[in-house]
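Read through the structure below, which is laid out as C-alpha cells, and then see the notes.
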C-alpha cells in the first residue's frame with residue numbers, strides 16, 4: 001500500500017551543529033544551504049565527509065561553501081554530511097536525489113509508517129535562515145521550507161546493494177548502524193510533472209513557517225489541516241482564515257508526521273499532501289530550482 005505520509009524535517013547548520021544559521025539575502029531571497037559537518041564518530045579511513053570546498057554555491061560573492069564558512073570562521077574540522085542530497089553537485093555515476101536516516105531518527109519514522117515500504121512519502125525540508133547583512137530589508141530571520149523529496153523507493157545500505165555508494169549512508173560507519181535507510185526520489189512526484197526532489201532557487205515569504213507577526217520564530221502559521229494531522233503539534237490556536245498558530249517544539253529536530261493510520265485523519269492528510277504539492281509547484285513556477293549548487 002502506498003503511503004501518503006508528509007514529513008516536515010529540519011536539516012542544515014544551526015547554532016549547535018555548525019555554529020551558525022544558513023545565510024539569506026533579504027531583498028532577493030538568495031540563500032546557501034549548509035549541510036551539517038560529519039560527526040567525528042561517523043568518520044573513518046575511508047570517509048571524512050564531503051570537502052566543503054567541493055560544494056559550489058550561488059550565494060553572492062562566494063564560489064563554494066568552504067569560502068563562505070571561512071569568512072565567518074565556521075569551517076568545521078570534518079567535511080560535510082551531504083544529506084539530503086537534492087541537487088547534483090558532484091560528477092558521480094548514477095546520481096539520484098536521496099535522503100538517508102539511521103538510528104533513533106529512522107526508528108521514529110518507522111514507527112509512523114516510513115520505512116522499507118514508504119513509497120509516496122513526501123519530505124519537506126526546512127531550516128532556520130538568517131539575513132547575511134543586518135541592513136537588508138525584505139525577508140527576515142526565521143524557518144523556511146527550502147526543499148523536498150518524495151520517496152520512490154528505499155535502499156538498505158547495510159546490505160550488499162551498492163547502487164548509490166557515493167552517498168554518506170554507504171560509508172562504513174553508517175553501514176554498521178541500525179535502522180540505516182536511504183530514501184530515493186522518483187523522477188516526478190506521483191500524479192504530477194513536478195520533479196521528485198529539489199531545492200528552491202530562492203526563499204520566499206510564501207514558504208516561511210515562522211509567523212512574521214510573532215517575535216518567537218518557533219511560532220508557526222500553517223493550514224488547519226496540518227494541525228489536525230501532524231503527530232507532534234497538539235496545542236494550537238485557530239485563526240479566522242482557516243489557518244492555525246502553534247509553537248514548534250525546540251527539541252524536535254526530526255519532524256512532525258501525519259499518516260493514514262486511522263480513518264479519522266485521512267481527509268486531513270490528503271489536504272496536507274495537496275498543500276505541500278501546491279507549495280512546491282508555486283515555488284518552482286515563481287523562483288525556479290537550484291541547479292548544481294547549494
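The values are calculated or read from the model by the stated rules, or taken from the named source; none is laboratory data. This one's a predicted model, so the numbers in the text were calculated from it and none came from an experiment. All Cβ positions, glycine included, derive from the backbone under ideal geometry; neighbour counts span all protein chains shown.
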Task: Filter result for the condition that a residue is at pLDDT below 95 and either under 20 Å from residue 128 (Cβ atoms) or in contact with a helix residue (DSSP H, G or I) (Cβ under 8 Å, 6 or more places away or on another chain) (or both), over 47, 52, 31 - done: 47
TODO: Select from region 237-253 the residues that are at pLDDT 65 or above and within 23 Å of residue 109 (Cβ to Cβ) and write down the one among them that is surrounded by the fewest Cβ atoms within 10 Å (Cβ to Cβ).
DONE: 250
- [ ] Identify the residue in region 175-189 that is at pLDDT below 95 and outside any strand (DSSP E or B) and, among all such residues, is farthest from the chain's Cα centre (by Cα).
- [x] 176
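Yes or no, residue by residue, for (1) buried (at least 20 other Cβ atoms within 10 Å of the Cβ); (2) not in a loop (DSSP other than H, G, I, E, B):
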position: 4; (1), (2): no, no
position: 7; (1), (2): yes, yes
position: 12; (1), (2): yes, no
position: 21; (1), (2): no, no
position: 27; (1), (2): no, no
position: 33; (1), (2): yes, no
position: 41; (1), (2): no, yes
Task: Considering residues of region 120-139 that are in a loop (DSSP other than H, G, I, E, B) and either in contact with a helix residue (DSSP H, G or I) (Cβ under 7 Å, 6 or more places away or on another chain) or modelled with pLDDT of 95 or more (or both) only, the residue farthest from residue 219 (Cα to Cα) - done: 132
- [ ] Considering each of 84, 97, 131, 76 in turn, give the residue that is touching a strand residue (DSSP E or B) at 6+ places or on another chain (Cβ under 7 Å), buried (at least 17 other Cβ atoms within 10 Å of the Cβ) and over 30 Å from residue 282 (Cβ atoms).
- [x] 76
